[in-house]
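To start, the structure itself, in structure tokens.
The values are calculated or read from the model by the stated rules, or taken from the named source; none is laboratory data. Only a predicted model underlies this, so the values are computations on that prediction, with no experimental measurement involved. Here the Cβ is made from the backbone with ideal geometry for all residues, glycine too, and neighbour counts use every protein chain on show. Heavy atoms of the whole protein, side chains included, go into the accessibility calculation; ligands, DNA and RNA do not. Shrake-Rupley method; radii C 1.70, N 1.55, O 1.52, S 1.80 Å.
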Amino acid sequence: MTHTPQRRATDKASSTPTFIGVGTDFVGQLRCQGDLVVGGHAQADCTVAGAFTLSEGGSWEGRLQAANAVIAGEVTGDIVIAEKLEIRKTARIRGSVTARSIAVAQGALIDGAMSVTSGKPVVHFEEKRG
């Protein structure tokens, strides 16, 4: 059996993620044992045991804690990621960002402090996806 290298946090997604779909509003507290994908709007403090994905057009207000994350939408609140955080070019973040490793695409806006817990520099990249 060969092992295919995985380079993105979303490549490690669990088999059954939880979805907050486009057009959906969620208000409250959320604890997710697997992965969470948000395309709608959420106003909550959240802990995600797996990967968190905020799609382009999605928005999050509140504190967000996860193992890994990909942010392409708008976040107002602090983000604390245990491992890898990828911030796409369409991301708009107002709040502090903390992760073991952070990759930021050209065009992303971050209004707040950024902290990399591994001591390595933030990786800047040009997004080539459509």
Exercise. Could you say whether any residue in the stretch 67-76 is over 11 Å from the mean Cα position of the chain (by Cα) and at pLDDT 95 or above?
Worked result: yes
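Determine whether residue 100 is basic (Lys, Arg), surrounded by 14 or more Cβ atoms within 10 Å (Cβ to Cβ) and farther than 20 Å from residue 38 by Cα. I'd like the intermediate steps shown before the answer.
Numbers: basic (Lys, Arg): yes; surrounded by 14 or more Cβ atoms within 10 Å (Cβ to Cβ): yes; farther than 20 Å from residue 38 by Cα: yes.
Spelling it out, residue 100 is indeed basic (Lys, Arg), surrounded by 14 or more Cβ atoms within 10 Å (Cβ to Cβ) and farther than 20 Å from residue 38 by Cα.
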For this session: Write out, first by first residue and then by second, each pair whose Cβ atoms fall under 6 Å of each other, whose residues are 6+ apart or on separate chains, and whose first residue, in the stretch 62-85, is in contact (Cβ under 8 Å) with a residue 60 or more places away in the chain while the second is open to solvent by less than 70 Å² (accessible area, probe 1.4 Å) and outside any strand (DSSP E or B).
Result: 70/9; 70/10; 84/9
Exercise. Taking residue 95, is it open to solvent by less than 70 Å² (accessible area, probe 1.4 Å) and either out of contact with any strand residue (DSSP E or B) (no Cβ under 9 Å at 6 or more places or on another chain) or aliphatic (A, V, I, L, M) (or both)?
Worked result: no
Exercise. Of all residues in the stretch 33-65, which are in a strand (DSSP E or B) and open to solvent by 10 Å² or more (accessible area, probe 1.4 Å)?
Worked result: 37, 41, 43, 45, 47, 49, 50, 51, 53, 59, 61, 65
Exercise. Exactly one of (1) aliphatic (A, V, I, L, M); (2) at pLDDT below 95; (3) open to solvent by 50 Å² or more (accessible area, probe 1.4 Å) is unmet by residue 9. Its number?
Worked result: (3)
Exercise. Restricting attention to the stretch 109-126, does a residue exist that is under 24 Å from residue 19 (Cβ atoms) and either free of Cβ contacts under 8 Å to residues at least 40 places away in the same chain or crowded, with 19+ Cβ neighbours inside 10 Å (or both)?
Worked result: no
